[in-house]
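Next up is a structure, given as structure tokens.
The values are calculated or read from the model by the stated rules, or taken from the named source; none is laboratory data. Keep in mind that this is a model prediction, so the values were computed, not measured. When we count neighbours, we look across all protein chains shown, and the Cβ atoms used for this are built from the backbone with ideal geometry, even at glycine.
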Amino acid sequence: MAVIGTHMLFYTTEPEALRATLRDVFGWKHVDAGEGRLIFALPPAEPGVHPAEGGPTLEPGVRHQIEGVMPFRSVVAFVVALAACSAPAPGPEQSPDTLDTIMQAQRSEPWQDSLNARLGRLRIGIAPVVEHLDELHRSLRADSGTTRADTIFVRYSRSLDSVLYASVRVLNDSAFRRSLRPARGHGRRWAARMYDSIGVATADSLVDYLSANGIWSYLEEGDPGFGISRPALLERFGPYVTPVTTEWLRMAAREQLRPAGQDASLMIPLEELADRWAETDRYIAEHPDAPAAGLARAYHLGYMRAYLSGWDNAPAFRRSTRELVPERRESFERYVARYAGTNNAAIVAEYLDVLAANDDRRTAAVVAFLRRYLDHIADARN
């Protein structure tokens, strides 16, 4: 009979600490066998056999050797996370240097010492976010798969961003923000001169480290911004909520990974924007009282604004003539045919009638129609 798997045991005087490291640093999926004994799923592995004596890799006192394999961009984040598990928190008179492994291979510059200090404070700074997520995890496990779990999740998710910004002040530090994006966005050349010793690989590892702790980083008008990672929420908490809330989480994660708009510009095809608007419309119609329905309505309103009225850098009407862009009318007509019978389709059909009555121009009547559904719509002169 062929061997189809491997069972591996670690013997240690600190089993709880090792389990925590395999769970939190290595990120291995696991099940609880009872009394806190975690059984981990291994990534792809390969065994090798070396002679017990005289082997080129055999060190004194070593009888077994296990090596991990990971992409280069993840190495720094892994070292940082491992240090965070083992290093004591710095005292009030001690400069925090938990994360200075990120910079140890870099050349010494005055600004670098300051950045090291900021990085050292990062682990301490994100602790409230990690604790908040852990508390949510514990709360959901008790009511897994119920509407009560959905309510708990939505309540916590509404407060996560405020917890992030209230606790992680280092994220708002301009030097730290530039260290995450050393050669991207506006100021690429300046950043390359100032932070060329950091390197994109190290910056990517910092991004991965934040993501592993539930923090999303992104570019907005060329500058990094931060928020709670929706993909991380989906992966960690999706199994504990109902499919209705998981569906919303998938929509939120997709929007974060592939945003519809950025810097007032449309970042996806117009038809994909229409489909996202239709998806939120269906979700609200099918689950009007779901705990996540209010969050879905916020997405619905944003998609509606972008689709019907456009954004500054992706307008639905030409600025010079105030005429509707032909591509928009064609898309509106396809939408009515494709999603006939829905609330959105009724709105678009009425919109087409108003546009036709105004020669497809942005007149006061068109603006008045938009204002029935959208706030802060500029008047016809704009």
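Only one of these is more than 30 Å from residue 212 (Cβ to Cβ) and of a type in the set (Val, Ile, Thr): 336, 244. Name it. Before the answer, list the steps.
Values: 244 fails: more than 30 Å from residue 212 (Cβ to Cβ).
The unique qualifying residue is 336.
Further question: Have a look at 319, 305 and point out the one that is part of a loop (DSSP other than H, G, I, E, B) and out of contact with any strand residue (DSSP E or B) (no Cβ under 6 Å at 6 or more places or on another chain).
319
Of the residues that sit in region 128-183 and are small (Gly, Ala, Ser) and part of a loop (DSSP other than H, G, I, E, B), which one is modelled with the lowest pLDDT?
The extreme case among them is 183.
Which one of 296, 274 is under 17 Å from residue 336 (Cβ atoms), part of a helix (DSSP H, G or I) and of a type in the set (Gly, Ala, Ser)?
None of the other options fit; the residue is 274.
Moving on. Of all residues being modelled with pLDDT under 80 and among the charged types (D, E, K, R) in region 211-237, which is nearest to the chain's Cα centre (by Cα)? Just the residue, please.
Among those that are modelled with pLDDT under 80 and among the charged types (D, E, K, R), it is 220.
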